[in-house]
Every structure is written in C-alpha cells, then in structure tokens.
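To keep things clear, I will list the structure first and then write my remarks on it.
Values quoted throughout were computed directly from the atomic coordinates according to the rules given, and no laboratory measurement underlies them. Only a predicted model underlies this, so the values are computations on that prediction, with no experimental measurement involved. Positions of Cβ are generated from backbone atoms using ideal geometry, with glycine treated the same way; all protein chains shown enter the neighbour counts.
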Amino acid sequence: MNAKRRIASIILYVVAGVALLFGFLYSFSPTLMPYHERALGMAHEQLKPEVAALFLTLMRVIGTNFLSIGVALILLVKGPFSKGDRWAWWIILFLGLICLVPLLFITLKVGLHSPWWVVAILIILEIVALAISRSPSSSE
C-alpha cells in the first residue's frame, strides 16, 4: 500500500472508530441524550412511557446505523480499499452520502446543541481521505 492510501486508510479508521463509539452510545443508552431532552423541552422521565420507548427505539436505529457505518468502513479499508480496488472507493463514497449526509441534516433539525459538528467532521474526514486516495499519483 502506498503512502497516500495508508494516510487515507488511517483517516477512514478514525471515522469508523467515532462511528462505532456513537453507535454503542446510542444503541445502549437507557435514556435520551441531554440534547434530545433540550429539543423536547422535557426530561426523559417526564415523557409518557410509550413516547419514551419510541424515542429510544429511534435512537437505537441511529445507533445501529453508526455501528453499520463503522463495521463497513473497517472491513472495506482493511480489505479491498487498502489493496487499491476502485469499487471500494465508490462504496465508501456512497456510504457517506447515504448515511452521513442525511444524518447531518437530522442532527441539525434537533438543534445546534446536538452533536451535528461530529457528523460534519466525519463527512469532511471521509472526503479528505477519498481525495487523498484518489489523487493521480496514488496508483502503485
């Protein structure tokens, strides 16, 4: 693996690690996040049980989305991306477009007090990694 692809791989591993961290946090949290409570204007305990259960289910959907992104990135980077397979580059690009870009808009809808900036940083890191790995001198 050449130096540019190695740097891109490290960046993508960081994206995967952050995605896994948020995935575990969202998938296993027993209550809503503080920024969710702020957006709702009430604490988790003040919600009707069925509403709280629905919100936690939606949080777990986002959590499993993050877990999927993290695992997919690790598998792609460790295997085909590091070998230079072009199709892996495209899959990583579309993974970001399909998962991370809509997630940015969702977190912004929750409010500026949400971790929208984490999602924005992940998108930027993914773009940088793909740009580095796609540069003309990245072929071996």
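Can you give the angle from 0 to 90° between the axis of helix 86-95 and the longest principal axis of the chain, with both taken from C-alpha atoms, to the nearest 10? The helix 86-95 is inclined about 20 degrees to the chain.
In summary, the lysines within cross-link reach of K109, defined as a Cα separation below 29 angstrom excluding same-chain residues under 8 places away, comprise K48. Rounded to the nearest 10 degrees, the angle from helix 116-134 to the longest Cα principal axis of the chain is 10 degrees. Listed options for mean projected area of the Cα convex hull in nm² are (i) 12.6; (ii) 14.2; (iii) 8.1. The value calculated from this structure is the one marked (iii). For the chain, the Cβ-based charge dipole about the Cα centre amounts to some 400 debye (Lys, Arg positive; Asp, Glu negative; other atoms uncharged).
Lysines near K78 by alpha-carbon distance under 28 Å, same-chain residues fewer than 8 away left out - which ones? Of all the lysines, those that pass the test against K78 - Cα under 28 Å, at least 8 places apart if same chain - are K4. Axis angle, to the nearest 10 degrees, between helix 3-28 and the longest C-alpha principal axis of the chain: 20 degrees. Summary value for the chain: 41 percent relative contact order, contacts being C-alpha pairs under 8 angstrom separated by 6+ residues.
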